[in-house]
1. Would you pick out the residues in the range 10-26 that are within 26 Å of L277 (Cβ to Cβ) and loosely packed, with under 10 Cβ neighbours inside 10 Å?
2. Do we have A68 as among the aliphatic types (A, V, I, L, M), part of a strand (DSSP E or B), open to solvent by less than 70 Å² (accessible area, probe 1.4 Å) and touching a Pro at 6+ places or on another chain (Cβ under 6 Å) here?
3. Anything in the range 193-223 that is more than 16 Å from K320 (Cβ to Cβ), part of a loop (DSSP other than H, G, I, E, B), in contact (Cβ under 8 Å) with a residue 12 or more places away in the chain and open to solvent by 20 Å² or more (accessible area, probe 1.4 Å)? List them, or say none.
4. Would you check which residues across the range 33-51 are within 24 Å of I276 (Cα to Cα), open to solvent by less than 60 Å² (accessible area, probe 1.4 Å) and in a loop (DSSP other than H, G, I, E, B) and list them?
5. Would you check which residues across the range 295-348 are at pLDDT below 95, open to solvent by less than 50 Å² (accessible area, probe 1.4 Å) and β-branched (V, I, T) and list them?
6. With the condition kept exactly as written, say whether any residue in the range 74-94 is surrounded by 22 or more Cβ atoms within 10 Å (Cβ to Cβ), under 20 Å from the mean Cα position of the chain (by Cα) and either in contact (Cβ under 8 Å) with a residue 40 or more places away in the chain or closer than 24 Å to A270 by Cβ (or both).
7. Taking the conditions exactly as written (open to solvent by 60 Å² or more (accessible area, probe 1.4 Å), more than 19 Å from E257 (Cβ to Cβ) and at pLDDT 95 or above), does D54 satisfy them or not?
Amino acid sequence: AEGVLRLKVRAIVGAVVLETTTNPLFVAPTGPRILWGDLHGHSAVSDGTGTPEDWFEYARDVAALDVASLTDHDHWGMLFMDEHPELWTRNVAVARAFDAPGAFVALPGYEWTNWIHGHRHVLYFGDEAPLLSSMDPRYESPQQLWAALRGLKALTIPHHPAGGPIAIDWRVASDAQLEPVVEVCSAHGSSEADDTPRMIHSPQAQHFARDALERGLRLGFVGSGDGHDGHPGLTALGPHYPTGGLVALLSDELTREGVHAALSARRCYATSGARILLRFAVAGARMGEVLAAATIGAAPTMFVHVVGTDALESIDVVVKGGDVLTLPCDGLLEYSTSATLGALKSGDWVYLRVIQRDGSMAWSSPIFVE
């Protein structure tokens, strides 16, 4: 049946009664499928635990992810992949072995671990997957990395941009083709903005994801686990992490090509680990898209639909310049509205921030005006 469905599950084991409710499922006649992914994590190949095979098995069979990428460090950990190329060769082979179009997408990837410009994970969607080390003088700047990746089926994603281990230097503008999204939440906390709940540790002013938008960069939002304990897709459950991170990809095609297209078009949103359902549009434009200022009028209509995994605390509509409109949720599990926004002009952007009572969060990719 059309609408939001949840299963209530009850199990009796001896004298113990266990009860839970599943994540929400939204059934509709139209609209893209949501694919859940964790595009960043580590195994014992660098500074995590378990084998690459363990990592992908957990992502697929326990966390029930649709998409996953193991991104061990290029130059960090017990052994450095850039000094032991057989480790990188193995990681690529494992990803290819687990990739099953239509059932589970496994992407080769690594973390470009640069301690000057910031960390980025590099994802590959085609047959060519070179390890371009941040310690190699040929690839030691973002511009050099992008130049080497150009022509390959690859993307880079800035990781923990606001700080934590190291902040991203937004004075180096993201490459429009190779870096279409930014990570706003991971196991380290939220890098969205300086007014975010559950902020990343050791934040640096002017390095948040919103600061990149204020600089004019058009970036969609993703979450990533960055788990080091062998639990991709469920890092939020770890007692030593303040948050987790997931990306929701809007794509009917569960293939590397479909995932690449969704990220490139910013058809995605981020959560702190909860599988919150989120739909957002302004004047007919959906998350990640660009609106023509001349066509939207003085009071464009926005559409908001959020289905929580817990009671909804607030939904914030964030507009360029830091203006925030808070929608009343009253503890509902599901919230839907159509409402008018104030005038938007060329250069503006707008996105949603969702906060649940249990502390879980979600962020839509921005909608941009030109």
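The values are calculated or read from the model by the stated rules, or taken from the named source; none is laboratory data. Please read these numbers as outputs of a predicted model, since none were measured by experiment. In this analysis, Cβ positions are derived from the backbone assuming ideal geometry, glycine residues included, and neighbour counts consider all displayed protein chains. Keep in mind that these areas ignore ligands, DNA and RNA; they rest on the heavy atoms of the full protein, side chains included. Shrake-Rupley method; radii C 1.70, N 1.55, O 1.52, S 1.80 Å.
1. Those that are within 26 Å of L277 (Cβ to Cβ) and loosely packed, with under 10 Cβ neighbours inside 10 Å: R10, A11, L18, E19, T20.
2. yes
3. Hits for the range 193-223 are P197, R198, H201, S202, P203, Q204, H207.
4. Selection gives L39, H40.
5. Answer for the range 295-348, where residues must be at pLDDT below 95, open to solvent by less than 50 Å² (accessible area, probe 1.4 Å) and β-branched (V, I, T): just I296.
6. So far as the range 74-94 goes, no, none of its residues is surrounded by 22 or more Cβ atoms within 10 Å (Cβ to Cβ), under 20 Å from the mean Cα position of the chain (by Cα) and either in contact (Cβ under 8 Å) with a residue 40 or more places away in the chain or closer than 24 Å to A270 by Cβ (or both).
7. yes
Yes or no, residue by residue, for (1) closer than 30 Å to R150 by Cβ; (2) touching a residue at least 60 places away in the same chain (Cβ under 8 Å); (3) open to solvent by 20 Å² or more (accessible area, probe 1.4 Å):
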position: L234; (1), (2), (3): no, yes, yes
position: P242; (1), (2), (3): no, no, yes
position: S264; (1), (2), (3): yes, yes, yes
position: C268; (1), (2), (3): yes, yes, no
position: S272; (1), (2), (3): no, yes, no
position: A292; (1), (2), (3): yes, yes, yes
